[in-house]
Every structure is written in structure tokens, then in C-alpha cells.
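Engineer: First the structure, which I've put down as C-alpha cells, then a few questions once you've had a look.
The values are calculated or read from the model by the stated rules, or taken from the named source; none is laboratory data. This is a predicted model, so every value here is computed, not measured. Virtual Cβ from ideal backbone geometry, glycine too; neighbours counted across all protein chains shown. Each accessible area value is taken on the protein alone, full model and side chains, heavy atoms only, with ligands, DNA and RNA left out. Shrake-Rupley method; radii C 1.70, N 1.55, O 1.52, S 1.80 Å.
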Amino acid sequence: MAEVARSSHGVKETIAPEEIAGPIERGFLAKFTVLKGAQRELWLTFLIKFLIYTAYSVTNKTMVLWLSKDLGFNDQAAGAIVGWVWAPAMTIFTLLAGSLTDAIGLRRTFFLGVGICTVARSVMVMTTNPSLALACGVLPLAVGEALGTPVLLAATRRYSTIAQRSFSFSVIYVIMNIGYLAAGFIFDYVRQLDLRFSLFGYEPTTHQQLFLVSLAFEILLFPVIYFLRRSADGPTSSDANRAVSGSWSRIATTVRQSAVETARLFHRLLGQSGFYRLLVFFLFIGFLKAIFLQMDYVFPKFGDRELGLHAPVGRLSAINSILIILLVPVIGALTQRFSAYRMVVFGGVICAAGVFIMALPTEWFQPAANSAPGQWLGHGYLGVHGSIHPYYVMSALYLAVFSVGEAFDSPRVYEYAAAIAPPGQEASYGALAYLPFLVGKLLVGTAGWLLAAFCPEHGPRHSGIMWFIFALAASIAPIGLIVLRPYIRIQEAGRQD
């Protein structure tokens with residue numbers, strides 16, 4: 001467990017286990033067995049990560065279709081709600097949640113976030129009233145999701161040693177992709193079932209049925225979080241610890257003290273020069289995240305319009321998750337000696353190159369679609385009936401290349417944020433690792449206009465132009481990180497390079 005020390009200013013600070021850990025194990029095999037003997041809390045963190053991201057991914061893939069089909073929003077409005085309302089709300093609360101977690105502890109923040117998400121998902125399941133669904137469903141869900149994300153990063157660092165750190169972040173990224181993989185198959189399965197049933201007069205739509213699945217995963221989180229040791233709440237004031245089991249007045253005092261400490265911790269971030277350099281780093285990463293996010297916010301509509309209604313876009317996007325699951329542990333183990341910043345740049349170049357495949361003419365890939373591998377992809381893996389559209393092959397190739405790059409860069413983005421964090425501020429810096437999603441979602445917020453212009457529901461389509469715009473946006477990330485490297489790179493803890 002992390003030790004707690006009190007600074008000269010009276011504020012508790014965390015001494016991460018890695019700072020008192022022994023030397024890093026050597027040898028190729030040791031890279032894969034380094035988690036042997038890891039704390040129970042680390043394994044529970046992995047399980048929590050799976051449940052959270054499966055629920056989150058099912059919701060994400062359903063969101064734009066639910067907004068348009070159930071609530072009646074057009075492409076532009078649905079994209080704007082996702083990119084400019086849901087995304088900023090989640091990111092802003094994530095930034096605040098990092099400091100809140102440092103103030104009140106991991107376990108309490110987990111419980112608070114899951115409770116809010118459970119209520120919000122229940123509202124989204126039960127209503128198709130746009131105002132009620134947005135005000136009492138989407139926005140509270142953004143708050144609940146935000147409370148969970150930085151806690152996972154802080155817990156991963158807190159419960160892993162230096163020897164385990166790089167591999168632990170690789171493993172947790174793999175687990176996230178296992179959640180995405182499960183969500184992709186769930187998404188396709190529920191849509192293809194096209195069930196129609198009534199419960200006491202309530203007839204959930206296909207998209208509400210998908211929200212029901214995500215709600216079930218959310219509820220499973222309660223017993224898992226319960227088994228975290230109470231000491232997992234980490235550094236909080238002694239008054240706060242007593243108030244949890246005390247009277248309502250003590251609880252009110254705890255909330256007030258936590259708010260003050262949260263403000264203090266966040267103010268400390270603003271006073272650190274590394275904080276602003278990290279912001280520029282994450283700004284560039286946001287352009288890569290836009291490509292990752294379009295799999296949830298663009299691909300469902302793109303697939304239904306170019307490939308046919310209820311096209312298996314979940315299985316298609318699962319190609320990314322499958323490759324990440326296979327590649328990340330190996331690449332993470334073999335590249336531990338390289339700095340996180342260097343691996344982010346290298347992976348970013350590969351990611352950006354892969355997106356250009358989708359911008360190429362579809363007729364170039366027709367022979368590949370008619371070949372044996374193309375037929376297996378379409379008929380065997382995706383379960384498509386009839387002829388195989390070239391976009392299936394193009395998407396598979398694009399996702400394969402993109403996944404190689406992602407295996408190098410994405411886990412190391414999270415590691416970079418954790419590695420440069422001062423002791424006791426892991427969650428605060430971990431929360432910043434989700435800032436690129438704000439940039440990415442703001443960019444994806446324009447996807448509604450791109451879909452309406454180049455891939456409309458009715459009329460001629462020019463989807464290649466839309467993908468070319470995405471490819472150009474992705475290219476900004478590696479170019480910026482290379483050009484501005486001398487100005488924005490920060491020394492990583494435990495690394496000479």
C-alpha cells in the first residue's frame with residue numbers, strides 16, 4: 001500500500017510504492033511475469049476498468065444513433081451534442097475529479113461516480129423526451145464517467161511498483177480494449193436481434209436495450225469496488241475519515257473540507273511550469289484521439305449509409321481492439337527502456353499514415369474484396385451476406401495499421417502523465433491525460449456537418465473527402481510533437497532518456 005507522509009505545510013502527500021521498490025527485474029521473461037505478487041488492489045483495478053469501459057463503450061456506440069433515431073436530432077445537432085456538450089462536460093468534470101480524488105480518496109470517488117452513472121443510465125433507458133434525457137441522463141452521466149476515469153490511472157500507479165509500472169499501464173490499456181471488444185459484439189448482437197417486447201407498458205427501443213446492457217455492467221461495479229480495502233481511499237484528512245461513519249454534520253464538514261483541498265490541489269497545478277507544457281503535449285494528442293473517437297461517433301452512421309442498415313460496425317471496430325490486445329503487452333514489454341514521449345511520437349506517425357487508406361478510391365480495393373481473404377473477412381468474420389463492399393477491406397486495413405501505431409503511443413500517453421506527476425498528485429495529472437479526448441471530441445463534433453455534406457442519409461456520397469479531412473487532422477499530432485519537442489518535453493521519473 002502507498003505510504004502517507006505529512007509535509008511541512010500540513011498536507012498529506014503520497015509516497016508511491018515505486019519510490020520504495022527494489023530494482024527492476026531483468027530479462028525478457030521477467031517483463032511478462034513482473035505482475036506476479038502484485039497487490040490485490042491492482043487486480044481489482046483491472047476488473048473495474050473492464051466493467052467501466054464496457055458500459056462506456058456500449059453507450060458511446062449507441063449515442064449518436066439514439067440522439068437521431070429516438071430523440072429526433074439531425075446529423076449536425078447529434079454531432080454537436082456529442083462533441084460540444086457531452087464531451088466538454090465530461091472533460092471539465094474529469095479535470096476537477098482528479099483533484100477531488102486526491103482530496104477524498106480513490107474508493108469514495110469510485111462509489112460516487114458509479115452511483116451517478118447508475119441513475120443517469122436509468123433515465124436514458126426510460127425516457128425519449130429530449131429535454132429530460134439530456135438534462136437528467138446525458139449530462140449527469142458525463143459527471144459520473146468523469147469521476148471514474150482519473151481514479152483508474154491513479155490506482156494503477158499507486159498499486160504498482162517501478163518494475164510493474166510500464167507493463168501495468170500496458171495491461172490496463174489491453175483491458176480497456178477487451179471492454180471495447182465486448183462492447184462491439186454486444187452492439188452488433190442487440191441491433192441484429194431487433195427485439196420488440198413490452199414490460200408493464202414500457203417498450204424499449206433497440207438503443208434503449210443497449211443502454212440497459214450498459215446499466216447492467218454499471219451495477220456490477222458496486223460489489224467489486226466494495227472489496228477494495230478502505231485504506232485504498234488514500235491520503236485524506238483525519239476529519240474526513242471520521243466523517244464517513246459519523247453524523248450528517250460531519251459529512252457536511254467533510255464535503256466542505258474536500259472542496260477546499262480540491263481547490264488547493266488544482267491551484268498547485270496551475271503554478272507548475274510542467275503543467276502548461278503538458279497541456280500543449282495533450283493538445284497534439286487530441287488530433288489522434290479524434291480518429292479513435294470517430295469509431296463510436298461517425299462509424300455507426302457511416303456504416304449504415306455506405307454498407308447497409310445494421311452493418312456490423314461493432315465487429316469491424318473490434319479489429320482494432322483485437323490487435324491492441326495482442327500487440328500492447330508485447331510492445332509494452334519490449335519498449336520499456338524507451339521514453340514514453342518517444343514512443344508516442346513513433347506511434348503517432350503510424351496512426352496518421354493508416355487513416356489515409358480510407359481516403360483512397362474504393363475501386364482500388366474491389367479486387368481485394370473479391371479475393372479469398374476479402375470473402376473470409378466479409379462472410380466469415382463479419383457475417384455479411386451477398387457481395388463484399390470495398391469499404392470493409394479498406395476499414396480492416398486502416399484499423400490494422402492504426403492499431404500498430406496505437407499500440408506504441410496510447411498506453412504511453414497515460415504513462416507519461418503519471419511518470420511526470422509529483423507525489424500525491426497522481427490523480428490530478430492522470431485526469432489531464434483525458435484532456436486529449438476533449439480536443440478529439442470537439443473535432444468529432446464537426447462530424448455531423450461532414451456526414452451531412454459528404455455521407456448524407458439520402459443523396460450522393462463522397463465519403464473519401466470526409467476521411468481525407470480526418471487524415472490531415474491526425475497528421476498534426478506527430479508533426480507538432482516532433483517540431484516542438486525541445487519546448488514541451490518533460491523529464492520522466494525513473495528514466496535517464
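Engineer: Just checking, does region 333-341 include any residue being closer than 26 Å to residue 471 by Cα and open to solvent by 60 Å² or more (accessible area, probe 1.4 Å)?
Structural biologist: No, because not a single residue in region 333-341 is closer than 26 Å to residue 471 by Cα and open to solvent by 60 Å² or more (accessible area, probe 1.4 Å).
Engineer: Of all residues in region 368-388 being under 30 Å from the mean Cα position of the chain (by Cα) and either in a loop (DSSP other than H, G, I, E, B) or among the hydrophobic types (A, V, I, L, M, F, W, C) (or both), which is nearest to residue 307 (Cα to Cα)? If you could, list the steps in order and put the result at the bottom.
Structural biologist: Here is the first cut: in region 368-388, the residues under 30 Å from the mean Cα position of the chain (by Cα) are 377-378, 380-384.
This time we only want the ones that are either in a loop (DSSP other than H, G, I, E, B) or among the hydrophobic types (A, V, I, L, M, F, W, C) (or both), so: 377, 382-384.
Values: 377: 14, 382: 12, 383: 13, 384: 10 Å.
By that ranking, first place goes to 384.
Engineer: Out of (1) within 24 Å of residue 313 (Cβ to Cβ); (2) open to solvent by 20 Å² or more (accessible area, probe 1.4 Å); (3) at pLDDT 90 or above; (4) of a type in the set (A, V, I, L, M, F, W, C), what's the single condition that is false for residue 476?
Structural biologist: (1)
Engineer: Would you check which residues across region 304-318 are in a helix (DSSP H, G or I) and crowded, with 23+ Cβ neighbours inside 10 Å and list them? Explain how you work it out, then say what you get.
Structural biologist: Residues of region 304-318 that are in a helix (DSSP H, G or I), as a first pass: 304-306, 313-318.
If the condition is that a residue be in a helix (DSSP H, G or I) and crowded, with 23+ Cβ neighbours inside 10 Å, then 313, 314, 316, 317, 318 are the ones that fit.
Engineer: With the structure loaded, tell me whether residue 188 is surrounded by fewer than 13 Cβ atoms within 10 Å (Cβ to Cβ), of a type in the set (Asp, Glu) and modelled with pLDDT of 80 or more or whether it fails that test. Break it down into steps so the answer makes sense when it comes.
Structural biologist: On the way: surrounded by fewer than 13 Cβ atoms within 10 Å (Cβ to Cβ): no; of a type in the set (Asp, Glu): yes; modelled with pLDDT of 80 or more: yes.
No, not satisfied.
Engineer: Can you confirm whether residue 141 is open to solvent by 10 Å² or more (accessible area, probe 1.4 Å) and either modelled with pLDDT of 80 or more or of a type in the set (Asp, Glu) (or both)? Spell out the reasoning first.
Structural biologist: Values: open to solvent by 10 Å² or more (accessible area, probe 1.4 Å): no; either modelled with pLDDT of 80 or more or of a type in the set (Asp, Glu) (or both): yes.
Taking the combined requirement at face value, the residue does not satisfy it.
Engineer: I would also like to ask the following. Could you check how many residues of region 205-229 are in a helix (DSSP H, G or I) and under 24 Å from residue 70 (Cα atoms)?
Structural biologist: Kept after step one, since they are in a helix (DSSP H, G or I), are these residues of region 205-229: 206-226.
Checking which are under 24 Å from residue 70 (Cα atoms) leaves us with 206-218.
Looking only at that region, the number is 13.
Engineer: Filter region 340-374 down to the residues that are over 16 Å from residue 285 (Cα atoms) and among the hydroxyl-bearing types (Ser, Thr, Tyr) and list them by number.
Structural biologist: 362, 371
Engineer: Residue 367 is checked against (1) open to solvent by 60 Å² or more (accessible area, probe 1.4 Å); (2) touching a residue at least 60 places away in the same chain (Cβ under 8 Å) and fails just one. What number does that condition carry?
Structural biologist: Condition (2) is where residue 367 drops out.
Engineer: While we're on this one: State whether one or more residues within region 433-450 are touching a residue at least 40 places away in the same chain (Cβ under 8 Å), open to solvent by less than 40 Å² (accessible area, probe 1.4 Å), outside any helix (DSSP H, G or I) and farther than 22 Å from residue 306 by Cβ.
Structural biologist: Within region 433-450, one or more residues are touching a residue at least 40 places away in the same chain (Cβ under 8 Å), open to solvent by less than 40 Å² (accessible area, probe 1.4 Å), outside any helix (DSSP H, G or I) and farther than 22 Å from residue 306 by Cβ.
Engineer: Oh, and also: From 155, 146, 87, 103, grab the single residue that is part of a helix (DSSP H, G or I), modelled with pLDDT under 90, more than 21 Å from the chain's Cα centre (by Cα) and buried (at least 19 other Cβ atoms within 10 Å of the Cβ). Write out each step before concluding.
Structural biologist: On the way: 155 fails: more than 21 Å from the chain's Cα centre (by Cα); 146 fails: more than 21 Å from the chain's Cα centre (by Cα); 87 fails: more than 21 Å from the chain's Cα centre (by Cα).
Among 155, 146, 87, 103, only 103 is part of a helix (DSSP H, G or I), modelled with pLDDT under 90, more than 21 Å from the chain's Cα centre (by Cα) and buried (at least 19 other Cβ atoms within 10 Å of the Cβ).
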